[in-house]
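The values are calculated or read from the model by the stated rules, or taken from the named source; none is laboratory data. Remember, predicted model here, so these are calculated numbers, not experimental data. Note that each Cβ is placed from the backbone with ideal geometry, even for glycine, and that neighbours are counted across all protein chains shown. These area figures cover heavy atoms from the full protein model, side chains too; ligands, DNA and RNA do not enter into them. Shrake-Rupley method; radii C 1.70, N 1.55, O 1.52, S 1.80 Å.
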Amino acid sequence: IDGTAFRANGNGAVLLFGFGDNSTVRGTAIVGGALGVMIQASSNVTIDGNWIGTSDGTTANGNRMIGVYLGGGGGVDAAGIRITNNVIVSNDNGIYTTTFDGSHMVTGLTVSGNKIGVGADGTTALGNTSAGINLDSWTRNSTFSGNTIANNGTWGMTVGNPLVASPGATANIISRNS
């Protein structure tokens with residue numbers, strides 16, 4: 001999916017359920033739906049250079065629930081997901097990971113170079129209502145680097161359960177979260 005003109009999408013949803021392997025979502029404004037991007041049981045997916053929760057980079061037009069929703073399920077892990085260089089703002093949670101079947105996880109997630117709760121200009125406060133990044137116990141072997149995470153209603157980044165294994169976080173700016 002390549003929307004280099006950053007056109008707004010009224011439904012706000014890009015859904016990749018089990019058949020999204022090796023997909024790329026790039027250069028698209030994803031606004032006004034329940035979920036922005038939902039990836040379940042798919043591998044090697046890239047979400048890059050999108051405006052998720054804003055149609056112009058500095059005006060709030062969030063998705064009602066979650067900007068980027070990731071989960072394993074249906075007997076398959078969600079593996080090798082890359083979320084890079086996006087603006088993720090004015091949703092309930094910016095990025096949220098979970099399992100859909102209670103046994104399959106998100107593994108090998110890379111989150112880098114994103115502005116989460118901050119507009120494309122790097123200064124406009126467009127926080128997500130809850131967390132910027134919310135990881136549950138089904139997230140393994142993931143890295144978070146070079147992100148700006150600010151102005152979110154509860155946490156910048158939360159690890160919901162100590163069973164989350166090896167979350168590597170380096171060179172992130174996490175500030176002004178409630």
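Every condition in (1) closer than 22 Å to Phe19 by Cα; (2) buried (at least 20 other Cβ atoms within 10 Å of the Cβ) holds for Asn177 except the one numbered (1). For the range 36-56, taking the residues that are under 11 Å from the mean Cα position of the chain (by Cα) and modelled with pLDDT under 90, the one that is surrounded by the fewest Cβ atoms within 10 Å (Cβ to Cβ) is identified as Met38. For the range 104-113, the criterion of being in contact (Cβ under 8 Å) with a residue 40 or more places away in the chain, within 24 Å of Ser23 (Cβ to Cβ), among the aliphatic types (A, V, I, L, M) and open to solvent by less than 40 Å² (accessible area, probe 1.4 Å) is met by no residue.
Specify which of the listed residues (Thr24, Thr59) is within 23 Å of Val118 (Cβ to Cβ) and either surrounded by fewer than 17 Cβ atoms within 10 Å (Cβ to Cβ) or of a type in the set (D, E, K, R) (or both).
Values: Thr24 fails: within 23 Å of Val118 (Cβ to Cβ).
Selected residue: Thr59, the only one of Thr24, Thr59 that is within 23 Å of Val118 (Cβ to Cβ) and either surrounded by fewer than 17 Cβ atoms within 10 Å (Cβ to Cβ) or of a type in the set (D, E, K, R) (or both).
Of all the criteria given as (1) in a loop (DSSP other than H, G, I, E, B); (2) modelled with pLDDT of 80 or more, the one not satisfied by Asn9 is (2).
So, of the residues in the range 68-92 that are among the small types (Gly, Ala, Ser) and surrounded by fewer than 18 Cβ atoms within 10 Å (Cβ to Cβ), which turns out to be nearest to Asp56 (Cα to Cα)? Walk me through how you get there before you give the answer.
Filtering the range 68-92 down to residues among the small types (Gly, Ala, Ser) leaves 71-75, 78-80, 90.
If we keep only those that are surrounded by fewer than 18 Cβ atoms within 10 Å (Cβ to Cβ) too, we end up with 74-75, 80.
Values: Gly74: 36, Gly75: 38, Gly80: 29 Å.
Ranking the qualifying residues of the range 68-92, first place goes to Gly80.
Can you give me the number of residues within the range 114-124 that are more than 12 Å from Ala60 (Cβ to Cβ) and either open to solvent by 30 Å² or more (accessible area, probe 1.4 Å) or of a type in the set (Asp, Glu) (or both)? So the answer is 5. Of the residues screened, Asp92 is one that is at pLDDT 90 or above and among the acidic types (Asp, Glu).
Scanning the range 125-150 for residues that are among the hydroxyl-bearing types (Ser, Thr, Tyr) and open to solvent by 10 Å² or more (accessible area, probe 1.4 Å), which turns out farthest from Ser175 (Cα to Cα)? Steps first, answer last, please.
Taking the range 125-150 as the starting set, the residues that turn out to be among the hydroxyl-bearing types (Ser, Thr, Tyr) are 129-130, 137, 139, 142-143, 145, 148.
Next, only the ones that are open to solvent by 10 Å² or more (accessible area, probe 1.4 Å) stay: 129-130, 137, 143, 145, 148.
Values: Thr129: 15, Ser130: 14, Ser137: 24, Thr143: 19, Ser145: 15, Thr148: 8 Å.
Checked the range 125-150; the qualifying residue farthest from Ser175 (Cα to Cα) is Ser137.
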